[in-house]
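Just below is one structure, and these are the notes that go with it.
Nothing in this text is a laboratory measurement; each read-out follows from the coordinates by a stated rule. Values in this document were obtained by computation on a predicted structure and should not be read as measured data. Using ideal geometry, Cβ is built from the backbone for each residue, glycine included, and neighbour counts are taken over all protein chains shown.
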Amino acid sequence: MLEIKNLKVTVDDIEILQGIDLSVQPGSIHAIMGPNGSGKSTLAYTLMGHPAYTVTAGTVFLQDGERVLLQDQSQNQDQSQSIDQNQSQNQDQSQKIDVLSLSPDKRAKAGIFLSFQQPLVLAGVRADIFLLEAYRAVTGHMISVPDFTQLLEKLIERLGISHTFIVRNVNEGFSGGEKKKFELLQLALLKPKIAILDEIDSGLDIDALKSVADGLSYIRKENPAMSFIIITHYRRILDYIRPDQVHIIDKGILVASGDYRLIDTLESRGYEVYRAESRVGDI
Amino acid sequence: MLDKKQANKNTFKVKKGLNRSIVTQISEQKNEPGWMTDFRLEALAIFERMPMPTWGADLSDLDPNNIYYYIKPIESQKNAWEDIPDKIKTTFDKLGIPEAEQKFLAGVGAQYESEMVYKKLKKKWEEKGVLFLDTGTALKEHPELFKKYFATIIPPHDNKFAALNSAVWSGGSFVYVPEKVIIDMPLQAYFRINAAQMGQFERTLIIAEPGSSVHYVEGCSAPLHRTNSLHSAVVELVALKQSHIRYTTIQNWSNNVYNLVTKRAVAHAKAHVEWIDGNFGSKVTMKYPSIILQGEYAKGQIISIAVAGSGQHQDAGGKIIHCAPFTKSNIISKSMSKGGGRASYRGLLKVTKEAKYSESKVQCDALLLDELSRSDTYPTVIVNESSADIGHEASVSKVSEEQLFYAQSRGLSQQAARAIIVNGFIDAFVKELPMEYAVEINRLIAMEMEGSIG
């Protein structure tokens, strides 16, 4: 699980996040909603480790029980004698990963994934080659090209992605919908513990939104322990994927938290009610 | 980069510097006909008369009087791989060449020092009348053919360094492809400078008769020396009617070499000429492969890449001159600068009044890997014909923090992220290379990247 405590972040010496507390349990879905400039994307980028965001206070820890247990099971088969020792050692190590101390690539390896609001074009870099490099880096498994191709074929079929898509260059000439699908493909491939989706619904028409939501449902079904932090302006994506918790952010503070019914309240009363100054508090 | 110097004994080495007596000595040593001696001496006079060019890269540290202009190695011409001395094989090994060499054993001409040491022409080509010789031998064995084309594309007065090469040239390749002969395997030559302060002044001439086709590949690497070395080659291509010449260069000079090369092709009617030019290493490179589209429907393409590292200036580009109707050309230039290096694109596109309905597209892209580095573009476009269709695009991009972050967020280390972006940038160039050179380029890029991570 992910534990964010009193996270304060500045960009160019301006404080954007003013003390965020958030706790994300395995398999749970959190929605973070808020108006433009409220700090939603800052939270996403900070968790992934973008160098432009400076953390001035707070902690982010990732509990890493599950993956270590899996490792232990594989070790058990080979070294049955040292089970207990290994387990206790690994659990000690797995207690808390200090996310903020890691570079972005190490965070990816620890199990954090960010779906970008505006995915970057990597000119001349073929999508399938990029995905292979990413897969090998994150999993540490030097999968063979034929095995990887098979895996990729399965996922693009399930996510409704065209075959010609993956031999194009990363995000080059992709439509808005294709870019978001490509982010989903990476998510499905890399199987993180925490998936942060930064406005995955922005710029999509109804059909594309439905298709992205279907993809998300598939990924969730395949990876029940995966947690989601869905950052969005609008409720429409949340109508497809019901969040366990909804948080409203304003001026860098979570001003309200509740279950999915908070979305309805927000709908009828608007963000104004939750302005940071008014400090409504939890509903 | 390979930078180890091999112990070397040379049979004949003229004194440093340049004067009439040295030029005469070179010509005598080679037993050349009188017209060639006169040609060299005349070129020397032109070289002495012309000022150092100041419009491009900084050449102020280059002292032409501090260079050996001719060295003849002990080993003489060889025709079989078995006869090659082990020492030279070791040199090739260190360059990482042997696979490519052995694969194309039959078609290799390699230059060691100023002479062709090893060359062999595949039998079937010989039977078809193909000539692949070192240029000095061609002068002896095929004097009429030689004289008909030699220095017709690049005369000595073309520029100061063409004059220098004309005065002291030694080695290089001479390729003649008879009418309608298609050579389906690249002809390859590796060049190497191996004696301190020695200049390398090879002279290459390729003649493609009507309907013929040839791909010539030249690769280079040089050992490190303390004093500045000068490489000043002249390459002339004659593409007669409906012929095709592709000339590929991969250069990886050590960081003290001045690389000042003149390359030009003439494409007659319906002929097709391609220059594929990769410039790594060297202290200063000034090189602008040129194509004169002289006949109707002639086509020309120049694809170049330059990587400028710390202390390096790559001043490279291309020139295309459309002189006939319905001619087509395309220039793609990619440059990368890092560690304070400087890469310049210098290009000329000229369309004369005769070149009705000609088309040209120029695209130059520069990539800066850090804040210290520099990229410049000096495009000259002269169009004297209104029916011509001309396009010019230029871009300068940085490996942006956002791109790096995106790739890093997918688990790639900063170095891997940078390498994948850079490889993507040069992809259009690498795609045009034969497989073994593509591998070599990727290896070079990876080595260049190692040094660029702060």
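List of remarks:
- Coupling constants for region A:222-236 follow from the phi torsions by the Karplus curve (6.51 cos²θ - 1.76 cosθ + 1.60, θ = phi - 60°), and in residue order they are 6, 10, x, 8, 6, 9, 10, 10, 9, 9, 7, 7, 10, 7, 4 Hz; glycine and proline get x.
- Built amide H within the under 5 Å cut-off of B:His215, gap 5+: B:Leu187, B:Arg246
- If R0 is 41 Å, the Cβ-Cβ spacing of A:Val11 and B:Ser60 corresponds to a FRET efficiency of close to 0.30.
- Taking label points 7 Å from Cα along the Cα-to-Cβ direction, A:Ala225 and B:Gln29 give a separation of 7.5 nm.
- The label-point distance for A:Ala52 and B:Val381, in a model that sets each label 7 Å from Cα toward Cβ, rounds to 3.3 nm.
- Summed residue charge, Cβ within 11 Å of B:His157's Cβ, Lys/Arg positive, Asp/Glu negative: 0
- Exposure proxy for B:Arg346, B:Arg49: other Cβ atoms within 10 Å of each Cβ, ordered fewest to most, give B:Arg49, B:Arg346.
- Centroid-to-centroid separation of region A:179-220 and region A:21-59 [C-alpha atoms, Å]: 18
- Counting Cβ atoms of other protein chains within 10 Å of each Cβ in B:414-426 and taking the mean gives 4.
- In order along region B:386-393, the phi-based Karplus estimate (6.51 cos²θ - 1.76 cosθ + 1.60, θ = phi - 60°) of 3J(HN,Hα) comes to 6, 7, 6, 10, 10, x, 9, 10 Hz; Gly and Pro are listed as x.
- Rounded to the nearest 20 debye, dipole of region A:2-274 from Cβ charges on Lys, Arg, Asp, Glu: 200
- Using the Cβ-Cβ distance between A:His141 and B:Ser310 with R0 set to 41 Å, the FRET efficiency from 1/(1 + (r/R0)^6) comes to roughly 0.65.
- Space enclosed by the convex hull of the alpha-carbon atoms of region B:276-406, per residue, Å³: 97
- Net charge of the neighbourhood of A:Pro51, taken over other residues with C-beta under 12 Å away and scored Lys/Arg +1, Asp/Glu -1, is -2.
- Neighbour counts of C-beta atoms inside 10 Å place B:Lys356, A:Lys5 in the sequence A:Lys5, B:Lys356, starting with the fewest.
- A cut-off of 5 Å between modelled amide H atoms, ignoring neighbours fewer than 5 places along the same chain, links A:Phe228 with A:Ser28, A:Ile29, A:His30, A:Ala195.
- Net charge dipole, region B:264-355: roughly 180 debye, given to the nearest 20, about the Cα centre with Cβ charges of +1 for Lys and Arg and -1 for Asp and Glu.
- Here the Gaussian network model covers chain A, with springs between Cα atoms less than 10 Å apart; of A:Ile219, A:Ile16, A:Ile129, A:Ile129 fluctuates the most.
- Residues B:Val430, B:Val381, A:Val24, sorted so that the one with the fewest Cβ neighbours within 10 Å comes first: B:Val381, B:Val430, A:Val24
- Each residue of region A:30-36 was assigned a 3J(HN,Hα) from its phi angle through the Karplus expression (A = 6.51, B = -1.76, C = 1.60, θ = phi - 60°), giving 10, 10, 10, 10, x, x, 4 Hz with x at Gly and Pro.
- Under 15 Å from the A:Ser162 label point (7 Å along Cα→beta-carbon), backbone N, region A:190-218: A:208
- Positive minus negative residues near A:Leu238 (Lys, Arg vs Asp, Glu; Cβ under 13 Å): -3
- Cα lying deepest toward the dipole's positive end in region A:2-274, options A:Phe130, A:Ser38, A:Leu62, charges on Cβ: A:Phe130
- Loop-resident sites, region B:301-385, for chymotrypsin sites (Phe, Trp or Tyr not before Pro), counting at most 15 other Cβ within 10 Å (DSSP): B:Tyr357
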